[in-house]
Every structure is written in C-alpha cells, then in structure tokens.
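Dumping the structure here so I can ask a few things about it.
Each value in this text was obtained by applying a stated rule to the coordinates, not by laboratory testing. Remember, predicted model here, so these are calculated numbers, not experimental data. When we count neighbours, we look across all protein chains shown, and the Cβ atoms used for this are built from the backbone with ideal geometry, even at glycine.
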Amino acid sequence: MKFGTILKNENFKSDYYEIVFYHPEIAAAARAGQFVHVQIDEISSRMLRRPFSIHDTDIEKGTVTVVYKVVGDGTKRLSGKKVGECCDLLSALGNSYSDVAPDEYPIIIDGGYGAAATYILAKNSPVKGSFLFGARGERDVILTEKYQALNWDVKIATNDGSVGHQGLVTDLIAKVIEENPGKKFKFFACGPHPMLIALTKILMQQNLDGEISLDHVMCCGIGACFACVVKVNADNEQKWRYARSCSEGPVFNVKEVYIGD
Ligand SMILES: Cc1cc2nc3c(=O)[nH]c(=O)nc-3n(C[C@H](O)[C@H](O)[C@H](O)COP(=O)(O)OP(=O)(O)OC[C@H]3O[C@@H](n4cnc5c(N)ncnc54)[C@H](O)[C@@H]3O)c2cc1C
Ligand code: FES
C-alpha cells in the first residue's frame, strides 16, 4: 500500500502538530528510530518528500503517528491537510535503535522534535529509565507528559530557564548517573546536531555506550543519491568516510560518529 489516509492532523502546541495515518503495513513493520518519507504535494515535481520519525504505532488499529513542527513550506502544507486526505508514504525507512536489554538502564536525551523519535523505544523498554529533554524555552517543551505517563523519570532543561534546569540538556547527565549508582547505562538520543556531538564527546570521554539519530536533510531517503551523508570513523588514511544517514542510519553508535572536525 502506497498511500496513508489521514485520520487526525491537529496542532497540539505552538508550531507542533500530531498527524495520524491509517497504514497497517507501516504500523506493523516500524521500529523505534525509523522514519517515514512523506510526499506532501500531489504535484511530485514541485516538492521532494519530507522525512519524519515514526513517533508511535498501533498495530491493531493500523495507525502510524508522526509529530512535526512547522518550519517551512512542506510542513506548512502538511499542517493544512484534512482528515480523509491521503499522503504517499515511503516507510519504514532507515535502521533503528537497539532494543533496551533487561540489565541496562536507558537514558534518553532529546531536543525539540527529537522527543518524537524515541517514544516507541521508551514504550517497549523492559526498564523504566530517565528521559532528559532540552529545548530553547517552554513553547518547545513537547511530549514530556507522555514519557511521564510511561513512568520514566523526566528531567527538563531550557535555555531560557522557563521550564526545569536553565542550561543545556547535557548538564543533566551527571545528576542521573549520580542518582543511579551501579547501573549499566545505555544512552539513546535525537535532537539538534550540536547537542548530539556534545553528547557523543561526553559519552566517549566517560566510556559510556550510546546511540544517536543523525537527522540530516534528505532527498531520496533510500540510499540512492548521497544527499544525506554524515562522517563516520573509518579505517583509512583520513580516518573517516561518508555514510548515508537515510540507509546506514539515521541511528549510529557514538563510537561510529566522526568528531575529528
Ligand atoms: C530522519 C529524520 C527524521 C525527522 N523527524 C522529524 C520529526 O519527527 N518531526 C519534525 O518536525 N521534523 C523531523 N525531521 C525534520 C523534517 O524533515 C524537516 O523539518 C522538514 O523536512 C522541513 O521541511 P519544510 O519543507 O517544512 O522546510 P524547508 O523549507 O525544507 O526548511 C525550513 C527549515 O527547516 C530546516 N530543516 C530542513 N530539514 C531539516 C532537518 N532534516 N533537520 C533539521 N532542520 C531541517 C531547514 O534548514 C530550514 O531552516 C526529521 C528529519 C530527518 C532527516
Ligand atoms: S537521502 Fe538519498 S542517499 Fe540518503
């Protein structure tokens, strides 16, 4: 099935929308961290597809939920789509986060719409972990109540101090580690690139394991055009190579991520 029928498309806070598609095949196949590539405009030559993380699925109802922020033309048009309209969907694309092992303590670190990408992971995790969320300010604090409802320990940081700790989300890591002595930590993250690189450096310095989703601008979404490349470590003279974030990612282990320059 190519098309997903829109069952809901609602603004829930500031520029953020929740859209629910009826698409039983994607609902059954999707894993945490994968994305759906949405053709927003019917005249396909006028607009490339836009990638969005799969926020949630309901296999019985055959639904796939995406949470998106209106930032430009494509997302603005998407926000104008009505219930009953259809979108051409390519999915479930990309790799996924690893499952949380029963002996691990998961710590999710997200920024902005990144909170959408890790929800299935938290929902399926055998262990209730910590969810650290960072945003510029209150208007970008989203989905934290859903992690609270899963009984995860939720901590928030905002740049302007309007909610939670004033500062960076990575400032919260030390406190979580201190509160959970002796645990085997595993980090999972999605958010702005600078946040992910800062997190990667912290985890590498402290020899901690983690997986991050590198949400690079995409074109084909299926590994054919190389528009989405990111640098990963490689055993060659320059010490890095380009990896296609759409097909080899978007999820990478922090040990793979090249932070040389
Ligand atoms: C794997 C993946 C998962 C994503 N998941 C989500 C999600 O769950 N929810 C969500 O709201 N967005 C998500 N995005 C980002 C989303 O794809 C872009 O916001 C969207 O394509 C912008 O389209 P537009 O036409 O509205 O904006 P454009 O007019 O194309 O761009 C407007 C602004 O958004 C910026 N932008 C465009 N693409 C990206 C991107 N990939 N990352 C960051 N900034 C971008 C541009 O630099 C520009 O400043 C994801 C991106 C990727 C690659
Ligand atoms: S977007 Fe074309 S190869 Fe990744």
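Among SER125, SER213, which comes first, second and so on when ranked by fewest other beta-carbon atoms within 10 Å? Intermediate values should be presented prior to the final figure.
Numbers: SER125 23, SER213 28.
Lowest count first: SER125, SER213.
Ok, one more. Would you give the gap between the C-alpha center of region 1-73 and the C-alpha center of region 188-261, rounded to a whole Å?
Each part's Cα centre sits 24 Å from the other's.
Mind sorting GLU60, GLU18 by how few other Cβ atoms lie within 10 Å of their own Cβ, fewest first?
So the residues, fewest neighbours to most, are GLU60, GLU18.
Another one. Write down Rg/Rh for region 104-215, rounded to two decimals, with Rg from the C-alpha atoms and Rh from the Kirkwood relation over Cα pairs.
Details: Rg = 12.6 Å, Rh = 13.7 Å.
Result for region 104-215 is an Rg/Rh of 0.92.
Is the C-alpha gyration tensor of region 155-224 telling us rounded, prolate or oblate? Criteria: a/c under 1.5 is rounded; beyond that, a/b larger than b/c is prolate, otherwise oblate.
oblate
Could you order peptides 248-257, 178-187 by the average number of other Cβ atoms within 10 Å of their residues, highest first? Please report the intermediate quantities before stating the final value.
Values: 248-257: 21.1, 178-187: 13.7.
Top of the packing list down: 248-257, 178-187.
Restricting to region 19-174, compute how many DSSP beta bridges are antiparallel as a %, nearest 5.
Numbers: 15 of 28 bridges.
Bridges in region 19-174 are about 55 percent antiparallel.
Around GLY129, which amide H atoms from residues at least 5 apart in sequence, or from another chain, sit under 5 Å from its own amide H, with H modelled in the peptide plane?
Distant-sequence amide H within range of GLY129: ASP153.
Another question, then. Over the chain, with a Gaussian network built from C-alpha contacts below 10 Å, which listed residue (SER247, SER96, SER162) shows the highest mean-square fluctuation?
SER162
Moving on to the next point. Which ³J(HN,Hα) values, rounded to whole Hz and listed in residue order, are derived for region 107-123 from phi using the Karplus coefficients 6.51, -1.76 and 1.60 in 6.51 cos²θ - 1.76 cosθ + 1.60 with θ = phi - 60°, glycine and proline given as x?
With the stated coefficients, region 107-123 comes to 10, 9, 10, 10, x, x, 5, x, 4, 6, 6, 9, 5, 4, 4, 5, 4 Hz.
Then there's this: I'd like the Karplus ³J(HN,Hα) series for region 132-149: coefficients 6.51, -1.76, 1.60, θ = phi - 60°, whole numbers in Hz, and an x wherever there's a Gly or Pro.
Result, rounded to whole Hz: 9, 10, x, 8, 5, x, 3, 5, 9, 7, 10, 6, 4, 5, 6, 6, 4, 5.
Pairing the Cα long axis of helix 193-205 with the longest principal axis of the chain, what angle in degrees results, from 0 to 90 and rounded to the nearest 10?
30 degrees
Sticking with this one: Which percentage, to the nearest 5, of the DSSP beta bridges contained in the chain is antiparallel?
Working: 37 of 62 bridges.
Of those bridges, close to 60 percent are antiparallel.
Next question, about the same structure. Order these by the 10 Å Cβ neighbour count, fewest first: ARG244, ARG139, ARG31.
The fewest-first ordering by Cβ neighbours comes to ARG139, ARG31, ARG244.
Please turn the phi angles of region 56-67 into ³J(HN,Hα) values with the Karplus equation 6.51 cos²θ - 1.76 cosθ + 1.60 (θ = phi - 60°), one per residue in order, whole Hz, x for glycine and proline.
The phi angles translate into 7, 9, 10, 5, 5, 7, x, 10, 10, 10, 10, 10 Hz.
Further, regarding this structure: What residues qualify as long-range amide H neighbours of VAL257, i.e. H under 5 Å apart, gap of 5 or more or another chain, H built at 1.01 Å from N?
ASN233
What do you get for Rg/Rh of the chain when both radii come from the Cα atoms and Rh is the Kirkwood radius? Intermediate values should be presented prior to the final figure.
On the way: Rg = 18.0 Å, Rh = 18.8 Å.
Over the Cα atoms of the chain, Rg/Rh equals 0.96.
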